[in-house]
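These notes are about the structure you will find just below.
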Protein chains: 2
Amino acid sequence: MGPRDGLQNIPDTVPPDVKLGLIDRLQATGLSYIEVAAFVSPKAVPQMADAQAVCAGLKRRPGVSYAALAPNVQGLERALACGIDELGLFTAASETFSQHNTRCTIDESLQRAAAIAAPARAAGVRLRGYVSCVLGCPYEGATDPAKVAELAAALFELGCYEVSLGDTIGVGTPGKARALLSRVRQALPTAPLALHFHDTYGQALANILACLDLGIASVDSSVAGLGGCPYAPGASGNVASEDVVYMLHGLGIETGVDLDALCAAGAYISEALGRPSGSKAGRALAARARRG
Amino acid sequence: MGPRDGLQNIPDTVPPDVKLGLIDRLQATGLSYIEVAAFVSPKAVPQMADAQAVCAGLKRRPGVSYAALAPNVQGLERALACGIDELGLFTAASETFSQHNTRCTIDESLQRAAAIAAPARAAGVRLRGYVSCVLGCPYEGATDPAKVAELAAALFELGCYEVSLGDTIGVGTPGKARALLSRVRQALPTAPLALHFHDTYGQALANILACLDLGIASVDSSVAGLGGCPYAPGASGNVASEDVVYMLHGLGIETGVDLDALCAAGAYISEALGRPSGSKAGRALAARARRG
């Protein structure tokens with residue numbers, strides 16, 4: 001998620017060649033899915049204004065899927081012109097958050113997603129769904145797991161091959177994550193479900209661990225824990241990819257990802273942003289490498 | 001662990017009244033065990049040179065146990081003179097680490113512990129044991145769980161009411177933590193076992209979660225994740241108490257700890273040290289409180 005969710009809200013300006021440098025390093029790690037851009041309003045999200053330039057500069061590798069978000073038909077048209085492989089469709093499990101974040105009701109967000117889904121599929125673009133606020137909303141508090149299940153099923157019905165359940169504000173804890181997933185699995189098979197945890201309260205890795213034995217095999221993350229500012233109180237980056245991979249490898253789970261190369265990608269973007277990496281495993285492995 | 005393990009290796013000088021301010025705030029949270037000092041060589045560990053001043057300044061609360069480490073009989077005598085409630089006895093599961101850290105073999109460290117144990121118990125002081133490097137050693141690599149089990153049993157035999165298994169360099173992952181604990185439980189009952197994870201690779205909370213359903217009910221932690229420097233690459237603080245308590249409360253586990261008060265203690269010491277808190281839950285809850 002790094003080049004998209006990781007960079008879209010930070011105050012710094014990140015030039016397209018730095019984003020491309022990051023994407024190039026990420027695809028060298030063995031990752032098969034990289035979210036590279038969002039075709040959203042440049043006024044609303046200035047960091048994603050260069051989506052076309054980023055897509056035009058990709059040095060595509062076979063076996064890697066280059067994904068982007070699009071909130072509406074205009075975004076879809078830009079994305080199709082850029083030859084994007086996958087498109088993200090999104091909704092939120094909180095009415096108030098949906099209004100604040102995308103200025104539409106949940107129903108309207110599903111209608112927008114439906115308007116994109118058919119032409120995208122006709123153009124051969126794969127669809128991935130996102131439900132945000134699955135474990136809590138900054139405005140409404142706790143989220144009803146049944147609502148998440150309903151929305152995940154709706155996105156699946158639109159043709160998403162996978163639906164990612166996002167704890168957008170990182171308030172979830174392992175028992176609640178498991179309870180949510182158990183409820184969603186009543187509406188959907190497990191295989192097309194993914195998890196997307198922000199690490200706002202430090203719980204992300206524990207939440208992922210708690211869901212692994214329910215059959216989850218797809219986890220969103222950002223290299224270097226991008227997505228929050230380590231200097232901003234209450235920063236809320238995605239869980240750091242390096243920490244996730246370190247855990248999975250420790251558990252004996254094959255990821256196909258080269259952890260050293262992933263740490264190098266994290267070091268690259270952290271240096272470009274002039275801030276320490278948000279990945280503890282990334283920092284520790286870099287220190288170990290320096291000691292030799 | 002904050003006032004002791006958390007502060008003993010940081011470069012800053014922390015005056016005794018700041019330590020006492022921290023201890024005062026920690027004991028106001030409902031915590032019943034606080035490690036306040038180490039009676040070690042002031043030359044080797046300058047941060048602990050004020051152990052006597054700290055102990056003399058304690059505003060003791062009923063129900064709180066004030067603990068310290070002592071490596072030898074001289075340390076024990078200083079600790080007894082200070083009226084400490086509990087004493088930590090320690091050894092390491094790695095011969096090389098033992099030599100580097102305490103300049104003695106593992107056997108010698110057990111002999112030193114034995115020399116302290118009898119007079120400490122005779123003086124009515126409770127004993128808590130520590131085995132370090134239980135999931136890996138910076139010099140020797142992986143640790144043999146059988147060695148950890150043997151040492152934990154040895155400390156238990158010396159009269160420790162609890163033995164804490166320390167992943168000193170934070171390299172452990174959940175499966176390895178569970179495997180270790182399963183092995184140690186062959187030698188000891190679970191009740192007197194505690195876990196002590198450093199968060200060097202971001203794995204600590206996941207490791208704790210993985211061990212909860214094996215019956216672990218005692219976990220070491222440091223408020224604000226003290227123990228490493230957030231600016232130092234490869235920093236390796238204890239797992240942050242706030243993050244642990246946030247997870248446990250989310251799991252519906254009673255801790256008796258007031259999380260808001262704990263965050264206040266973390267904010268106090270972080271401000272005194274002039275650095276951001278190492279606890280993500282602490283930072284997020286502080287930001288939420290500021291937003292009102």
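The values are calculated or read from the model by the stated rules, or taken from the named source; none is laboratory data. As the structure is a computational prediction, the values presented were derived from the model and not from experiment. Here the Cβ is made from the backbone with ideal geometry for all residues, glycine too, and neighbour counts use every protein chain on show. Side chains are part of the model used for accessible areas, which takes the heavy atoms of the whole protein and leaves out ligands, DNA and RNA. Shrake-Rupley method; radii C 1.70, N 1.55, O 1.52, S 1.80 Å.
Scan segment B:86-120 for residues that are in a loop (DSSP other than H, G, I, E, B) and open to solvent by less than 50 Å² (accessible area, probe 1.4 Å) and jot them down.
B:A93, B:S94, B:C104, B:T105
Test B:P138 against the stated conditions and say whether it is within 14 Å of chain A (Cβ to nearest Cβ) and either under 19 Å from the mean Cα position of the chain (by Cα) or under 30 Å from A:L212 (Cβ atoms) (or both).
yes
Among (1) surrounded by 24 or more Cβ atoms within 10 Å (Cβ to Cβ); (2) part of a helix (DSSP H, G or I); (3) over 17 Å from the mean Cα position of the chain (by Cα), which single condition is B:R290 missing?
Evaluating B:R290 over (1) surrounded by 24 or more Cβ atoms within 10 Å (Cβ to Cβ); (2) part of a helix (DSSP H, G or I); (3) over 17 Å from the mean Cα position of the chain (by Cα) leaves (1) as the failure.
Within segment A:250-260, take every residue that is over 18 Å from A:A28 (Cα atoms) and open to solvent by 60 Å² or more (accessible area, probe 1.4 Å) and give me the one that is nearest to the other protein chains (Cβ to nearest Cβ). Quick ask: steps written out before the conclusion?
Here is the first cut: in segment A:250-260, the ones over 18 Å from A:A28 (Cα atoms) are A:250-253.
Retained after the next criterion (residues that are open to solvent by 60 Å² or more (accessible area, probe 1.4 Å)): A:252-253.
Details: A:G252: 7, A:I253: 9 Å.
Taking the candidates together, the pick is A:G252.
Regarding A:T13, is this residue touching a residue at least 40 places away in the same chain (Cβ under 8 Å) and either among the β-branched types (V, I, T) or assigned to a loop (DSSP other than H, G, I, E, B) (or both)? Quick ask: steps written out before the conclusion?
Working: touching a residue at least 40 places away in the same chain (Cβ under 8 Å): no; either among the β-branched types (V, I, T) or assigned to a loop (DSSP other than H, G, I, E, B) (or both): yes.
In short, no.
Please tell me if A:A191 is under 19 Å from the mean Cα position of the chain (by Cα) and either open to solvent by 20 Å² or more (accessible area, probe 1.4 Å) or at pLDDT below 95 (or both).
Taking the combined requirement at face value, the residue satisfies it.
Test of understanding: among A:R61, A:R4, which residue is among the basic types (K, R) and open to solvent by less than 50 Å² (accessible area, probe 1.4 Å)?
Checking each option against the conditions leaves just A:R4.
For residues in segment A:262-277 being touching a helix residue (DSSP H, G or I) at 6+ places or on another chain (Cβ under 8 Å) and open to solvent by 30 Å² or more (accessible area, probe 1.4 Å), which is nearest to the other protein chains (Cβ to nearest Cβ)?
Taking the candidates together, the pick is A:P276.
Quick check, is A:V148 touching a residue at least 12 places away in the same chain (Cβ under 8 Å) and part of a helix (DSSP H, G or I)?
On the way: touching a residue at least 12 places away in the same chain (Cβ under 8 Å): yes; part of a helix (DSSP H, G or I): yes.
Answer is yes for this residue.
Filter segment A:191-209 for residues that are aliphatic (A, V, I, L, M) and either at the interface with another protein chain (Cβ under 10 Å from one of its Cβ atoms) or touching a Phe, Trp or Tyr at 6+ places or on another chain (Cβ under 8 Å) (or both) and give the result.
Initial filter on segment A:191-209 (aliphatic (A, V, I, L, M)): A:191, A:193-195, A:204-206, A:208-209.
Scanning segment A:191-209 gives A:A204, A:L205, A:A206, A:I208, A:L209.
Would you mention how many residues in segment B:210-223 are in a helix (DSSP H, G or I), surrounded by 24 or more Cβ atoms within 10 Å (Cβ to Cβ) and within 12 Å of chain A (Cβ to nearest Cβ)?
Result for segment B:210-223: 1.
Say whether the condition of being under 24 Å from A:G250 (Cβ atoms), open to solvent by 20 Å² or more (accessible area, probe 1.4 Å), part of a loop (DSSP other than H, G, I, E, B) and in contact with a Pro (Cβ under 7 Å, 6 or more places away or on another chain) is met by at least one residue in segment B:164-177. Steps first, please.
Taking segment B:164-177 first, the residues under 24 Å from A:G250 (Cβ atoms) are B:164-177.
Narrowing further to those that are open to solvent by 20 Å² or more (accessible area, probe 1.4 Å): B:168-169, B:171, B:175-176.
Cutting the leftovers down to part of a loop (DSSP other than H, G, I, E, B) gives us B:168-169, B:171.
Going one step further and asking which of them are in contact with a Pro (Cβ under 7 Å, 6 or more places away or on another chain), we end up with B:169.
Yes, there is a match, as at least one residue in segment B:164-177 is under 24 Å from A:G250 (Cβ atoms), open to solvent by 20 Å² or more (accessible area, probe 1.4 Å), part of a loop (DSSP other than H, G, I, E, B) and in contact with a Pro (Cβ under 7 Å, 6 or more places away or on another chain).
List the number of the failed condition for A:G252; all other conditions in (1) closer than 26 Å to B:P138 by Cβ; (2) touching a residue at least 12 places away in the same chain (Cβ under 8 Å); (3) assigned to a loop (DSSP other than H, G, I, E, B) hold.
Answer for A:G252: the failing condition is (2).
For segment B:231-242, state whether one or more residues are within 13 Å of chain A (Cβ to nearest Cβ) and part of a helix (DSSP H, G or I).
Yes, segment B:231-242 contains a residue that is within 13 Å of chain A (Cβ to nearest Cβ) and part of a helix (DSSP H, G or I).
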